[in-house]
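For reference, the structure is listed below as structure tokens.
The values are calculated or read from the model by the stated rules, or taken from the named source; none is laboratory data. All of these numbers come straight from a predicted model, not from anything done at the bench. When we count neighbours, we look across all protein chains shown, and the Cβ atoms used for this are built from the backbone with ideal geometry, even at glycine. We work out accessible area using only protein heavy atoms, side chains counted, and drop any ligands, DNA or RNA first. Shrake-Rupley method; radii C 1.70, N 1.55, O 1.52, S 1.80 Å.
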Amino acid sequence: MDSDYAGGSGEADREIIRLWRTWRTVFEMLQDRGYEVTEDEVQISLSEFRAKFQEPTSGLPRRDQMKISARPTEAMQAKYTALPSKSNPNPQPDCGTIYVEFCADSSGVGTKQVRTFNHTVDENNFHSGIFITQTPISPSAVRLLSGIPGRICEHFQEQDLLVNITRHELVPKHVLLSPEEKARLLERYRLKESQLPRIQVSDPVARYLGLRRGQVVKIIRKSETAGRYASYRWVI
Amino acid sequence: MPSPDRPAAASSPALAQRPGTDPRHLAIALHHAQQIQAQKDTQTLILDRILELIELPSSPTADPATPAAADVAALKSALRPFQPADYDNLILERNIEGRCGYALCPREHRKEDPRVRFRIVWGAKGSGAGGRGREMDIVPREKLEMWCSSECAERAMYIRVQLAEEPVWERRADDRRGRQILLLEEGRAASNDHHRQRQPSASVKDVLGQLDNLNLATGSASDSADLALERGDVHPALHGGRVEVQIREKQVAAGSTRAPELRPEDRMGGAIEGYVPRDTQDQDQDMLDLL
Ligand SMILES: [Zn+2]
């Protein structure tokens, strides 16, 4: 970690460092969800980050420049393609390019900013969007964000992503099952999905992975006695 | 009498025909699904309304004390499905856009010194205890910053207390709250009228002028849709309740019916759910005393 930057003033510099951590977590999150990101993007150094997003004179971050878009990998597309059925013999993947934007306003984020964000997502025909703000957003803004028909938009606060919770040693690995894997699991144990234990979409790990209702996630724990063991949860 | 189709089965024949489907469970599931849908519809409607009301008033020079009639009508009709929390969300959104929280005011909201957490607010002369001096209030900064002035705070709160506490889908059709909202100015005018002796000399022109304000059935399609939503008409399942009631005529056995007649054992009044009162005589006496 290169923390020997000379030009940083106390407060602005602390903000840049925090923002850099958040930025890296966003790329890790995109990678873990299955989007195409490069190792260079995930591993961006603080000095590179400064060069791109720090105002040279004031030392303040330029959040208005902090935008990302990423395409799903083939593996992700496979996980998001429903099994063929009689009514839909040739299902298309329900995922696509994702757009991430950092909101520049330091307080008072409401429907006004979300309307602009939604407009960008809609206009560029992005499949999904992630809106990241410094402060909580208003209840109406949350509702508006989740209300674009046919698109999936999420909200995070910068501090939610300051550390990557899934990298914590006590958090077991969560892996999304494809529709085929899910069907095989239910078949093997002769279960209905509703008989599985559940995980809420609002759960922090579910939010990190962008899980959707109806999906099944495999949770792999390390156990002192049994080595590794897996459990499954149905997303509600 | 032909047994009518259960409403649930009628609306989804494919589900109902599946073997092992209990129609009652299906009806309950559908009831819940429809209720969830009603909630979602209402939330979407209210969000749309909030977005509209952020833009009020229509003129940047409007005076909140004498708002334009069209704006008043728009506000009143938009607020119908609101609960107080929705109204608070509207105030918050207006503040985020820098505007006074009262929807008919075009001014900016107050901005206090961010380092100050509370401010002392003095009332009008004579508002203090016993009608002397001034009333004093300590108000947190966030509360003050919602409005441009204390007048607008009062106007906005006057409306807030008239909103229905229950969500639309739980309101009764005859619940008038939220349907006849009065602005502070209207409320004051009405109570003044009440106290003052009515002037009998209203000219024909005055009356005709007032009649102009009586817009019966200006209702557009959206108005009746709102009304339907408020009444829950779009969700028939919400009316029927969870238990389906089927009325069947009692089969009357053939033979003549006789009028009831007094039998010897009925003289003391008989048993009540198997219990024979012992002191019927005394009770009769008590009744006579009362009379
Ligand atoms: Zn005002």
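Relative contact order for the range A:166-235: 37 percent, from Cα pairs under 8 Å spaced at least 6 residues apart, divided by residue count. Here the scattering of the range A:166-235 is modelled by Debye summation over its C-alpha atoms, one equal scatterer each and no solvent; at q = 0.15 Å⁻¹ the log10 of I(q)/I(0) is -0.50. Here r is the Cβ-Cβ distance between residue B:251 and residue B:70 and R0 is 51 Å; the resulting FRET efficiency, rounded to 0.05, is 0.25.
By the rule of a C-alpha distance below 20 Å, with chain neighbours fewer than 8 residues away ignored, the lysines paired with residue A:222 are A:173.
Amide H to amide H distances under 5 Å link residue A:215 with A:235, where only residues 5 or more positions off or on other chains count and H is placed in the peptide plane. The value of relative contact order for chain A, using C-alpha pairs under 8 Å at least six residues apart, is 15 percent. Rolling a 1.4 Å probe across all protein chains gives residue B:165 an accessible area of roughly 120 Å².
Across peptide B:85-97, the average count of Cβ atoms from other chains found within 10 Å of a residue's Cβ is 4.
Here's how it looks for residue A:109: its modeled amide H is under 5 Å from those of A:138, which are all 5 or more places away or on a different chain. Gain on full extension, evaluated as 0.36 nm per residue between residue A:104 and residue A:90 minus their Cα-Cα distance, stands at 0.8 nm. Placing dummy labels 7 Å off each Cα toward the beta-carbon, the span from residue B:85 to residue A:230 is 4.0 nm. The range A:3-163 has equivalent-ellipsoid semi-axes of 32, 20, 11 Å, by the square roots of 5 times the alpha carbon gyration tensor eigenvalues, sorted largest first. Near the amide H of residue B:147, within less than 5 Å, lie the amide hydrogens of B:101, B:110, all on another chain or at least 5 residues away, with H placed in the peptide plane. Based on DSSP H segments of at least four residues, each scored -39500 (n - 2.57), chain A has a per-residue ellipticity at 222 nm of -9500 deg cm²/dmol.
Under the simplified labelling scheme, the residue B:61-residue A:51 pair shows an inter-label distance of 5.6 nm, with each label point 7 Å from Cα along Cα→Cβ.
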